[in-house]
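S.K.: One structure coming up, written as structure tokens, with questions to follow.
The values are calculated or read from the model by the stated rules, or taken from the named source; none is laboratory data. Small disclaimer: the values here were computed from a predicted structure and weren't measured. Note that each Cβ is placed from the backbone with ideal geometry, even for glycine, and that neighbours are counted across all protein chains shown. Please note that ligands, DNA and RNA were not included when accessible areas were found on the heavy atoms of the full protein model with its side chains. Shrake-Rupley method; radii C 1.70, N 1.55, O 1.52, S 1.80 Å.
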Amino acid sequence: MEFAEKLYIGLSLTKKKERVIERMEQGKMVFSVYCVAEASHPDNLYDIYSYYELKQPYYKDHPVKVLGIAGSKEEAIGLVAHMITDKNQGGY
Amino acid sequence: MLSIILLCLKVIGILLLIILGVALFLILSVLFVPVRYRLAGCFEETKKAEALVSWGGIVFRARAAYEYEKDLRYTVRIFGVTILTSEEKITILQRILGWKERREEKRRRKIYEKYQRNLSKFSEEEWDNDAWANLPEGYEPKEWSSWEDHMDEYRTGYPWDTVDGESQEDFPEEKESVKERVQGLLENWKEKRQEKREQKEWEKAIESEKTVEEPQEKWYNNLEEKMEDLSDKYERLERFYYENQSQYAVRKMFGLIKKTICYILPTSWRGRLRYGFSDPALTGQSYGLLCATGVALSPRCRIEAEFEEAVLEGRIKVRGRIRVFFFVRMAVLIFFDRRLKAVYRKGKDVLGGI
């Protein structure tokens, strides 16, 4: 798993972002975390993965670049919207 | 001179040999002489069970028997001498262990005899009054005529009480000013207490305005952290379990446990079962099943199916023997296996980390 330089973090994870990122880098279990990653298909904008899925052995050999993390799927969708507006305004 | 020294050495050598021989004999007998056990059960007109454990024939023998609606009976004998028994006779062990009680009983009897001798000197009335027996010598209770005498015993130290022998009526003005002072202090204290109370309530109100979700969020975060720690521990254990060495250790231990169970199981058994259901068809079906599985055809077990009445009777006898050498051998195999030792050390580290 790779993390982008500018990582978007959902509001629910701001208090414990260091712990969450450290555990994700070490491959340890983190509960209720959703990752926004680069699109796996050129027609898509972003992909939203549950962290449980990224823990599967397949993703060890095919790592994914994480652009943002959120505490729930709804928050991840909100994060995607935020990233798109940021991109349109030239922020990312 | 030399011959005397040699003679002494010879005697010492022979003695040592005898001691060694006896020790070796004892060790070998403990290792190789089996512990034999016999179990018997009967479920017919009488319902009873018996167990017998013996070692070396007469050296150690323990027997227990239970019959339905009767007490459990047991005896333990060493070299034929009864050590423990459920019967009412006193065993040697009880005699040896009961010396403290007998000594205590003797002491109490002596004190009672002394008391009896003293009692005969004084009248009963005097001995009945226990209070006099407990008071120290020369003590006389004080008799108070009025409550004022009683009050003199306890001085409160208030300014309007007597101080150094002066009565309160001598200085009425002083008494008034002191009273006013004290009342003033009391009122001040009451005001301060009220202020503190109001401040506390104000702070409480501010605290309660904070979101209700905070304690819930804290509890949820704590729970998450605990679950994450648990999952870390589980992953560590899982990784340790699936290593090659650990798998070897698990297979070896399972093999040893299986061998041990097969060893401990009885060497011979014999049984008889007579059964029948109220429905003869069911009896026939069950008997057919037992024959098909080979249980009813076994020479050790005699099964009789009763088609005319519902009945359940049976008896079983089981015998076996266990040698200590088997367990010693198991222990040696485990202890001298390097791979098992390595797994044990690593397991300790992993569990210690958990």
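S.K.: Would you list B:341, A:15 from the most to the least accessible area, probe 1.4 Å?
M.R.: Values: B:341 80, A:15 165 Å².
Largest accessible area first, the list is A:15, B:341.
S.K.: HN-Hα J couplings of the range A:47-59 from phi, Karplus 6.51/-1.76/1.60, θ = phi - 60°, integer Hz, Gly and Pro as x?
M.R.: Result, rounded to whole Hz: 10, 10, 10, 6, 4, 4, 6, 5, 7, 5, x, 4, 7.
S.K.: Go through the range B:177-194 residue by residue and turn each phi into a ³J(HN,Hα) via Karplus (6.51, -1.76, 1.60, θ = phi - 60°); whole Hz please, and just put x for glycine and proline.
M.R.: Residue by residue, the range B:177-194 yields 5, 5, 4, 4, 4, 5, 5, x, 4, 4, 5, 4, 4, 5, 4, 5, 4, 5 Hz.
S.K.: Still on this structure: Show which lysines lie in cross-link reach of residue B:100 when reach means a straight Cα distance below 30 angstrom and same-chain residues fewer than eight apart are skipped.
M.R.: Within reach: B:89, B:110, B:114.
S.K.: Now for a separate question. If I stretch the segment between residue B:180 and residue B:51 completely, what's the gain in nm (0.36 nm per residue apart, minus their alpha carbon distance), one decimal?
M.R.: Working: separation 129, 0.36 × 129 = 46.44 nm, distance 9.27 nm.
Here the answer is 37.2 nm.
S.K.: Summed for both chains, how many Å² of accessible area, to the nearest 100, are buried between B and A with a 1.4 Å probe? Present the calculation step by step, with values, prior to reporting the outcome.
M.R.: Details: alone 30910 and 6050 Å², together 36110 Å².
Buried surface at the B/A interface: approximately 800 Å².
S.K.: Quick check: at a probe of 1.4 Å, how many percent of the accessible area of the range B:215-354 sits on carbon and sulfur atoms? Walk me through the numbers before you get to the answer.
M.R.: Numbers: 6380 of 10360 Å².
Summing carbon and sulfur atoms, their accessible area is 62 percent of the total for the range B:215-354.
S.K.: Still on this structure, I have one more. Looking at the range B:263-354, which GluC sites (Glu not before Pro) are DSSP coil and have at most 10 other C-beta atoms within 10 Å of their C-beta? Display every interim value, and only then the final one.
M.R.: Numbers: sites: B:304, B:306, B:308, B:309, B:313; in loops: B:306, B:308, B:309.
Qualifying residues, ordered by number: B:308, B:309.
S.K.: I've got another one for you. Net charge around residue A:10, counting only other residues with Cβ within less than 12 Å of its Cβ (Lys, Arg = +1; Asp, Glu = -1)?
M.R.: Details: positive: A:15, A:16, A:17, A:73; negative: A:74, A:75.
Neighbour charge sum, excluding residue A:10 itself: +2.
S.K.: Place a point 7 Å from Cα of residue B:260 in the direction of its Cβ. Which residues in the range B:1-44 have their backbone N less than 13 Å from it?
M.R.: none
S.K.: Provide the net charge surrounding residue B:60, with neighbours chosen by a C-beta distance below 13 Å and charges set as Lys +1, Arg +1, Asp -1, Glu -1. Intermediate results must be reported in sequence, preceding the final value.
M.R.: Working: positive: B:36, B:61, B:63, B:77; negative: none.
That works out to +4.
S.K.: Still on this structure, I have one more. How much length would be gained if the chain were fully extended between residue B:39 and residue B:225, taking 0.36 nm per residue of separation minus their Cα-Cα distance, in nm to one decimal? Present the calculation step by step, with values, prior to reporting the outcome.
M.R.: Details: separation 186, 0.36 × 186 = 66.96 nm, distance 5.48 nm.
Here the segment from residue B:39 to residue B:225 would lengthen by 61.5 nm.
S.K.: Per-residue HN-Hα couplings for the range B:19-32, Karplus 6.51 cos²θ - 1.76 cosθ + 1.60 at θ = phi - 60°, whole Hz, x for Gly and Pro?
M.R.: So the J values, rounded to whole Hz, are 4, 4, x, 5, 4, 5, 4, 5, 5, 5, 5, 5, 6, 9.
S.K.: With a 1.4 Å probe and all protein chains kept in place, how do B:336, B:60 rank by accessible area, largest first? Could the numbers behind the result be given before it?
M.R.: Numbers: B:336 145, B:60 75 Å².
The ordering from most to least exposed comes out as B:336, B:60.
S.K.: Round to the nearest 10 and report in Å² the accessible area of residue A:75, as given by a 1.4 Å probe over the protein chains' heavy atoms.
M.R.: Looks like 40 Å² after rounding.
S.K.: Given a Förster distance of 35 angstrom, what is the FRET efficiency for residue B:252 paired with residue A:26, based on the Cβ-Cβ distance and rounded to 0.05? Please list the in-between numbers first.
M.R.: Numbers: r = 33 Å, r/R0 = 0.95.
Once rounded, the FRET efficiency stands at 0.55.
S.K.: Here is a follow-up. Kindly flag which residue pairs out of A:28/A:60; A:16/A:73; B:259/B:346; A:16/B:218 have an alpha-carbon separation exceeding 22 Å in this structure. Walk me through the numbers before you get to the answer.
M.R.: Details: A:28/A:60 13 Å; A:16/A:73 18 Å; B:259/B:346 26 Å; A:16/B:218 12 Å.
From the list (A:28/A:60; A:16/A:73; B:259/B:346; A:16/B:218), the Cα-Cα distance tops 22 Å for B:259/B:346.
S.K.: For the range B:184-293, which chymotrypsin sites (Phe, Trp or Tyr not before Pro) are in a loop by DSSP, counting at most 11 other Cβ atoms within 10 Å?
M.R.: Loop-located and lightly packed - B:242.
S.K.: Here's a follow-up. Setting aside same-chain residues fewer than 8 positions from residue B:190, which lysines have a Cα under 24 Å from its Cα?
M.R.: B:175, B:179, B:200, B:204
S.K.: Here's another thing I want to ask about it. Could you give the length gained on full extension between residue B:333 and residue B:29, defined as 0.36 nm per residue of separation minus the Cα-Cα distance, in nm? Kindly include the intermediate steps, with their values, before the conclusion.
M.R.: Values: separation 304, 0.36 × 304 = 109.44 nm, distance 2.13 nm.
Length difference between fully extended and current span is 107.3 nm.
S.K.: Modelling each spin label as a point 7 Å along the Cα-to-Cβ direction, I'd like the residue B:2/residue A:18 distance in nm, to one decimal.
M.R.: Each label point lies 7 Å from its Cα, and together they span 8.9 nm.
S.K.: Need one value: the accessible area of residue B:22 in square angstrom, 1.4 angstrom probe, rounded to the nearest 10.
M.R.: 80
S.K.: For each pair in B:47/B:317; A:17/A:87; B:233/B:348, compute the distance between the two Cα atoms and list the pairs where it is over 18 Å. Please list the in-between numbers first.
M.R.: On the way: B:47/B:317 14 Å; A:17/A:87 23 Å; B:233/B:348 14 Å.
A:17/A:87, as the Cα separations exceed 18 Å there.
S.K.: Treat each spin label as a single point 7 Å out from the Cα along the C-beta direction, and report the residue B:291 to residue B:74 distance in nm.
M.R.: So the label points at residue B:291 and residue B:74 sit 4.5 nm apart.
S.K.: Could you tally the net charge around residue A:63, taking each other residue with its Cβ under 15 Å from the Cβ of residue A:63, Lys/Arg +1 and Asp/Glu -1?
M.R.: Values: positive: A:55, A:60, A:65; negative: A:2, A:25, A:38, A:47, A:53, A:61.
Net local charge, residue A:63 excluded: -3.
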